[in-house]
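Written out below as structure tokens is the structure these notes cover.
Just so you know, all these numbers are worked out from the coordinates, no wet-lab data involved. Given the structure is predicted, the values throughout are model-derived calculations rather than measurements. Every residue, glycine among them, receives a Cβ derived from its backbone with ideal geometry; neighbour counts consider all protein chains shown.
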Amino acid sequence: MKKNVALITGVTGQDGSYLSEFLLSKGYEVHGLIRRSSVDFRERIAHLEGTPHFHLHYADMNDSMSLVKLVGLVQPTEIYNLAAQSHVQVSFDAPEFTADVDAVGVLRILEAVRTNHLEGTCRIYQASTSELYGKVEEVPQNEQTPFHPYSPYAVAKLYGYWIIKEYREAYNMFCCSGILFNHESERRGETFVTRKITLAAARIAQGKQEKLYLGNLSSLRDWGYAKDYVECMWLILQNEKPEDFVIATGVQHSVREFCYLAFKHAGIELEFQGEGENEKGIDKKTGKVLVEVSPDFYRPTDVVNLWGDPSKAKRELGWNPAKTSFEELVAIMVKHDMEKVAAEHVASVMRTNLAEYLEKGVVK
Ligand code: NAP
Ligand code: GDD
């Protein structure tokens, strides 16, 4: 039997790391695309390096030649195109780079497959997004809901969505978009709102940070657990027909609710008072203001009402959107960050002690 060979772009990211683990557990040969950087960003996949069937290759989503060569070398049976400039707020500051990676990058992958004559054998998953619904036109959102992208990131991703659909129809390729709603984890990038909150709650609870500054507290999201969502990426490519799917939990919460629950897990009960820029999260026990609003985190246009309807994925892929609840997700993230902050404290005390001992000549 022919071996399943996966190529993952964005392998160093949150989803890429979980997907690698998932595919390795299914017996795949996994190849990951990494790009050169002056510091090592391979923390999330460090535990996989050196294991059999896991290989890393240098290339870049901005460099067609590197993609053509890589696809030719790996001869993948499945490609998971997860690489992206994935931060919505950053896309307002770097819109051209975002378009190059998130829009044209998708085209480059499709053309790399065609150039290597693999369009009949290689299935392609495109990491699409609920941001396509943007300034939402209905709630909850499903596969039929009209798109209204509301950031340079979302506009770039809309191109990715349509070019996938176009190549599916024009060249009969098995390529699909997973329209994923927000999914988080203990591996989430530290500037996305959930991780920013869980890390701050842990630091504040352990006396390492005074205050947390956030933007729009009323923004609503459908948050799931990234580990559950990577299974769906795989299921989409195992489906009989190439189709697009909404992946979400079907449950919606505000940033404020996430914040309240995260602090509660860290042992602090917050009470929110005031409105808009004057809203504050106050420690009920001490009366100290721990959360404040800063307009620095407002976006020129913000997506404020994402709520997914995962019925199609449930019905046709047999995927369970309720595997990890919102409450469990917050608990997992806070537990991880409480331990991380405590470990950083121990390491810093040890470093200070060692420096002192060295200075006093106690150790050489
Ligand atoms: P992430 O943690 O930000 O990871 C992004 C990945 O893309 C990283 O591995 C990054 O590499 C890579 N990348 C960026 N620019 C690149 C380039 N020019 N060449 C090669 N690689 C490049 O994102 P994520 O949360 O795992 O999300 C995975 C994908 O799903 C993204 O496409 C995102 O837009 C999409 N998505 C995410 C969510 C969500 O809630 N997480 C929801 C819907 C859709 P470095 O490590 O070198 O920076
Ligand atoms: N990042 C951030 N930082 N967001 C904040 C903050 C803050 O301090 N305060 C409030 N927010 C609000 C944002 O305005 C937004 O409405 C919401 O919290 C979520 O922001 P993010 O966590 O940055 O995620 P996102 O929804 O913009 O984008 C993520 O999900 C998309 C899927 O809907 C990313 O993972 C995208 O790549 C993904 O496509």
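To the nearest 20 debye, what is the magnitude of the charge dipole of the chain about its Cα centre, counting +1 on the Cβ of each Lys and Arg and -1 on the Cβ of each Asp and Glu?
Dipole of the chain, to the nearest 20 debye: 880 debye.
Given the alpha-carbon gyration tensor of the chain, what are the semi-axes of its equivalent ellipsoid in whole angstrom, ordered largest first, with each equal to the square root of 5 times an eigenvalue?
For the chain, the semi-axes come out at 36, 27, 18 Å.
Please get the size of the charge dipole for segment 253-295, origin at its Cα centre, with Cβ charges of +1 on Lys and Arg and -1 on Asp and Glu, quoted in debye to the nearest 20.
Approximately 220 debye in magnitude.
Is any residue of segment 161-186 close enough, with backbone N under 18 Å, to a label point placed 7 angstrom from the Cα of LYS26 along the Cα-Cβ axis, and if so, which?
Hits in segment 161-186 for LYS26 at 18 Å: 174-180.
For segment 72-170, which trypsin sites (Lys or Arg not before Pro) are in a loop by DSSP, counting at most 16 other Cβ atoms within 10 Å?
Taking segment 72-170 and a limit of 16 other Cβ atoms within 10 Å, the loop trypsin sites (Lys or Arg not before Pro) found are LYS135.
From the helices alone, meaning DSSP H stretches of at least four residues, give me the mean residue ellipticity at 222 nm for the chain, per-run term -39500 (n - 2.57), in deg cm²/dmol to the nearest 500.
-12000 deg cm²/dmol
Of VAL74, MET61, VAL88, whose Cα points farthest to the positive end of the dipole of segment 54-169 (charges on the beta-carbon: +1 Lys, Arg; -1 Asp, Glu; origin at the Cα centre)?
VAL74
Label GLN206 and HIS53 with points 7 Å out from Cα along Cα→Cβ: what is the distance between them in nm?
With each label placed 7 Å out from Cα toward Cβ, I get 3.5 nm.
Between PHE272 and ASN62, what is the label-to-label distance in nm when each label sits 7 Å out along the Cα-to-Cβ direction?
Modelled inter-label distance: 3.8 nm.
Can you find, among GLY13, HIS47, HIS31, the residue farthest towards the positive end of the dipole of segment 1-51? Put +1 on the C-beta of Lys and Arg, -1 on that of Asp and Glu.
HIS31
With point charges of +1 on the Cβ of Lys and Arg and -1 on the Cβ of Asp and Glu, referenced to the Cα centre of the chain, which listed residue (SER294, GLY189, HIS253) lies farthest in the positive direction of the dipole?
Going by the charge dipole, the pick is GLY189.
Roughly what angle does helix 14-25 make with the longest principal axis of the chain, taking Cα atoms, 0 to 90 degrees, to the nearest 10?
60 degrees
Report, to the nearest 10°, how far helix 193-205 tilts away from the longest principal axis of the Cα atoms in the chain, using its own Cα long axis and a range of 0 to 90°.
Its long axis makes an angle of about 20 degrees.
From the backbone phi of segment 114-122, what are the Karplus-calculated ³J(HN,Hα) couplings (6.51 cos²θ - 1.76 cosθ + 1.60, θ = phi - 60°) in whole Hz, Gly and Pro given as x?
Values, residue by residue: 5, 4, 8, 6, 9, 4, x, 10, 10 Hz.
Could you size up the charge dipole of segment 244-364 around its Cα centre, putting +1 on the beta carbon of Lys and Arg and -1 on that of Asp and Glu, and report it in debye to the nearest 20?
480 debye
How far, in nm, would the chain grow between GLN144 and LYS335 when pulled straight, counting 0.36 nm per residue and subtracting the alpha carbon separation?
Values: separation 191, 0.36 × 191 = 68.76 nm, distance 3.79 nm.
Computed gain between GLN144 and LYS335 is 65.0 nm.
Mind checking segment 1-78 for chymotrypsin sites (Phe, Trp or Tyr not before Pro) that DSSP puts in a loop (not H, G, I, E or B) and that have at most 12 other Cβ atoms within 10 Å?
PHE41
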